[in-house]
Amino acid sequence: MALELPIYMDNNATTPVDPRVLDAMLPYFQGKFGNAASRSHSFGWAAEDAVAKARKQVSSLIGASPKEIIWTSGSTEACNLAIKGVAEMYGKPRTDDGACRGHIITTAYEHKAVLDPCKRLQREGFDVSWIDPQENGIITAEQVAEQIREDTILVTVMWANNEIGTINEIEKIGKLCKEKGILFFTDATQAVGKITVNVEEAGVDLLCGSAHKIYGPKGAGFLYVRRRKPRVRLSPIIDGGGHERGMRSGTLNVPGIVGLGEACEIAGKEMVEETKKLSALRDKLIDGIVSQLDMAVLNGDKEKRLPQTANISFPYVEGESLMMAMKDIAVSSGSACTSASLEPSYVLKSLGLGDELAHSSIRFGLSRWSTEEEVDYVVDKVVKAVEHLLAMSPLYDMVKEGIDLSTVEWGSH
Ligand SMILES: Cc1ncc(COP(=O)(O)O)c(C=O)c1O
């Protein structure tokens, strides 16, 4: 098949909708457009049935029971509901003397959907501990254990990082939290549908996922809320008609939910094959680039990573300039959600990378439809673009001459 340009390799930001998902959704825009909460007629019943089917599809992908799924507009909302919902339900009320309302443990490289609710809670009287990942981009159970206190009410550690693709020690952290009787939430937005995610094996109490990362539509997601051992309670953040057992009011987005359900079912059936194919393509991409460019560095552990993600830094080359030099390839420098700013990526900085390396990184996100030809094209294009930019870099010239840049005194006149 002829190579089609531009090539989309930014699938951690969002994925196209799978045609099978779209087919499943279409009837729910017109013929079966009912409100799932309308109990008095067949339009409502059809919508309710569709939502019940999706609840089964989503829950069976993550080893949960259908009643444990709460529909949301996506992962941002689900993260907010989990974190603020737990804080309000299990934290102490605010007092005039400013006493601590409870302690939360999280990581410095979570998505903003977790970081920002935690920062808000910090302003509202909770103590928050922020763990930096190890140099290889992984958060260990040991690191979490070191932060646990008597008054810890919640641990929130993402399953896999969206920017570098590394996978954390979720099962071990789950076990630790169970032993200590602390609730454990994991933002599994990048993991659900890509690698095995099982809430029982992992011992998680709350977990979220989003349809648009797994070939489903934008605007549909879910929060898993454990109902047994322990039964987790949440204060809602949206009040209204009492939908979703009072935890998330609002008329359900039936086509979106149907799409999310279908996307989960397909992901479950095809995961083994897809993982095999994508890991091979990912490694071809990494090896192709790193073997041709001495200075290129893979960010994050080579093995413990999502099958579709690679993040590579190109010292002395500015990530934005590199992207401009390869306009027929869609990738991102830093997280897509933050790439509107030119701040170096906080995720890469949390790994201990300096500003220059954090500025010079590119994230590649493969998809179910990525091909070897596309990978070959991208490798070739990246290598040529980097070589071209390096040829114009005075800094790189100095390094080649054996000058240690850290010792240079950059005088100003
Ligand atoms: C790890 C992670 N969490 C949360 C989100 C937010 O998800 P949504 O777009 O569904 O709100 C994203 C999306 O980029 C993500 O990658």
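Quick notes
- Proximal lysines relative to K178, as straight alpha-carbon distance under 30 Å, when same-chain residues fewer than 8 apart are discounted: K56, K67, K84, K92, K112, K119, K194, K213, K229, K302, K304
- At q = 0.14, 0.24, 0.26 Å⁻¹, base-10 log of I(q)/I(0) for the stretch 127-223 (Debye sum, equal scatterers on each alpha carbon): -0.51, -1.30, -1.44
- Sorted from greatest to least, the principal axis extents spanned by the alpha carbons of the stretch 1-140 come out as 58, 53, 26 Å.
- Selection from L353, L252, M295, by position along the positive dipole direction of the chain (Cβ): L252
- Stretchable slack from K276 to K304, in nm (0.36 nm times residue separation minus alpha-carbon distance): 8.7 nm
- Structure-based [θ]222 nm, the chain - -39500 (n - 2.57) summed over DSSP H runs of at least 4, per residue, nearest 500: -12000 deg cm²/dmol
- For the listed peptides 110-117, 92-99, 71-78, 209-216, a ranking on the average number of other beta carbons within 10 Å per residue, highest first, reads 209-216, 71-78, 110-117, 92-99.
- Projected onto planes of every orientation and averaged, the convex hull of the alpha-carbon atoms in the stretch 205-309 covers 9.6 nm².
- Relative pair counts by distance (%), Cα atoms of the chain, 10 Å bins: 5, 21, 29, 24, 14, 6, 1, 0
- Counted by Cβ distance under 12 Å from A78, the other residues give a net charge of -1, where Lys and Arg count +1 and Asp and Glu count -1.
- Rounded to 5, the percent of DSSP beta bridges in the stretch 19-266 classed as antiparallel: 40 percent
- Surface analysis of the chain yields an accessible area of 45 Å² per residue, using protein heavy atoms and a 1.4 Å probe.
- Carbon plus sulfur fraction of accessible area for the stretch 51-142, probe 1.4 Å, in percent: 46 percent
- Kyte-Doolittle mean at least -1.0 and Cα axial length at least 24 Å: DSSP H helices in the chain: 42-61, 254-292, 372-391
The values are calculated or read from the model by the stated rules, or taken from the named source; none is laboratory data. Because the structure is predicted, anything quoted here is derived from the model rather than measured. All Cβ positions, glycine included, derive from the backbone under ideal geometry; neighbour counts span all protein chains shown. Ligands, DNA and RNA are stripped out before the accessible areas are found, and what is left, the full protein with its side chains, is counted by its heavy atoms. Shrake-Rupley method; radii C 1.70, N 1.55, O 1.52, S 1.80 Å.
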